[in-house]
1. Work through the residues other than Gln212 whose Cβ is under 12 Å from its Cβ and net out their charges, Lys, Arg +1 and Asp, Glu -1.
2. Using amide H atoms built in the peptide plane, which far-off residues or other-chain residues are under 5 Å from Gly79 H to H?
3. How high is the relative contact order of the chain, in percent, counting Cα pairs under 8 Å that sit 6 or more residues apart?
4. Stretched out fully, how many nm does the piece from Lys210 to Leu379 gain, at 0.36 nm a residue minus the Cα gap?
5. Which value, in debye to the nearest 20, gives the size of the charge dipole of the chain about its Cα centre, when Lys and Arg are +1 and Asp and Glu are -1 at the Cβ?
6. State the extension gain, in nm to one decimal, for the chain segment bounded by Lys219 and Glu329, taking 0.36 nm per residue of separation less the distance between their alpha-carbons.
7. Any idea how far apart Glu275 and Arg340 come out in nm if each label point goes 7 Å out from Cα toward Cβ?
8. Which of the trypsin sites (Lys or Arg not before Pro) found in the range 1-57 are loop residues per DSSP with 15 or fewer other Cβ atoms within 10 Å of their Cβ?
Amino acid sequence: MEPGFYRKVLKNGMTVLFEKRDIPVVAVAFAVRNGGINETAEEKGISHFIEHMLYKGTPKRNAKRIAEEIEKNGGELNGFTSENITAYWCKMPSKHLDVALDVLSDMVKNPLFDEKELEKERKVIFEEIKMYHDNPLMHAFDEIKEVMYDKPFGMKLAGTFETMSSIDKKKMIQKFKEIYKPSNMVFAVVGNADFAKLCDFCENSFSKEKGQVLHFAIKLKKGQKTEKRKDIDQASYIFAYHSPLANDKSSYAAEVLLALMAGGMSSRLFTEIREKRNLAYAVKGSMETTKDFSYGQIYVGTNKENIEKIKELIVKEFLEVSKTLDEKELNSVKEQLIGRYQINMEDSQTQMVNLLMDEMDGNAGEFYEYEGKIRKVDLEDVKNLAKKVAEGNYSSFALVPE
């Protein structure tokens, strides 16, 4: 573990993460262990809705003042909701750390949930849902999850028009009171600060109340789906497969496999589909890996007539990897992943998110063990995972011109 990393669970239940950096900048976040995986089908999108509302005012600050106090001191303010976490963060000159702590803690403790603001923000989220639908790439990534998982997990993170219409102030306040307690919260800081003072602030500013987060079974499935749409010229195709969970040592082999297949311009599928055959412009891989769910996906932007050929090429390449991958190619991909890991750590805000995500899966300190775990990935593990995909354990979604 890096000597500059500190982790502590406070008496009130809050987890504090800190990476010391001698730079004049600090990235700060309060997060809750709650997201899309903790929602019923009827309330889908409520975590994301609550995230929006926490920027809309407290008894001390209206929405404008929340933004001004961060931005007028040179900071950036934002937040995000994912499947297993909701976070509120800012990046500031470290000399204004006290402003960041005051504003963010006020937001996560004392939101107003003003009725007028709630109705206004509901309309904003309706527009956000439309935006995701109208963007072919975003829509394709939403749809592949619905192909691979049953409800409620398979539903879109932002919810639907129906679920968002059903969430009222009472439901939102009830959910907030259940979740936003210190026992469910993680406080993360990367930059120039004092760990003891950070812990004292969180211990003194938050009560010892315990929160409640719901958990639902995540049911896997597989399938193929095609959707036709007017007014698009290019087809968006996603090939996806379930992979080992984050607490499985094979998850690192799965990461190596995806990088090998679609991890850049030197990857096997980019070379085969774009460079050799000119069947697509974009060939990109991505992976979602947590202790609750995990899947790899390969996106190809192409002509709709090419989709079947591309699917055949992808399956063929997975089969080829299962038979011919050798130690030399494996070690090359390992170096690629380790290099990306090191580059990814450069930005303090990105590193803060890295630590939060690893904490959701167990302990953020394991983030610093990444290089060693990638180097230990076994050749046969990668080949076996590739074989499993090639044998038909995959799903696909295609959005094609009508």
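1. +3
2. Amide H to amide H, under 5 Å and 5 or more residues apart or across chains, Gly79 pairs with Trp89.
3. 22 percent
4. Answer, rounded to one decimal: 56.4 nm.
5. 540 debye
6. Length difference between fully extended and current span is 36.1 nm.
7. It works out to 1.6 nm between the two label points.
8. Here the sparse-neighbourhood loop sites are Lys11.
We did not get these values from a lab; they are worked out from the coordinates using the rules stated. Everything numeric here is computed off the predicted structure, so don't read it as measured data. Glycine also receives a Cβ, built like all others from the backbone with ideal geometry; neighbour counts cover every protein chain displayed.
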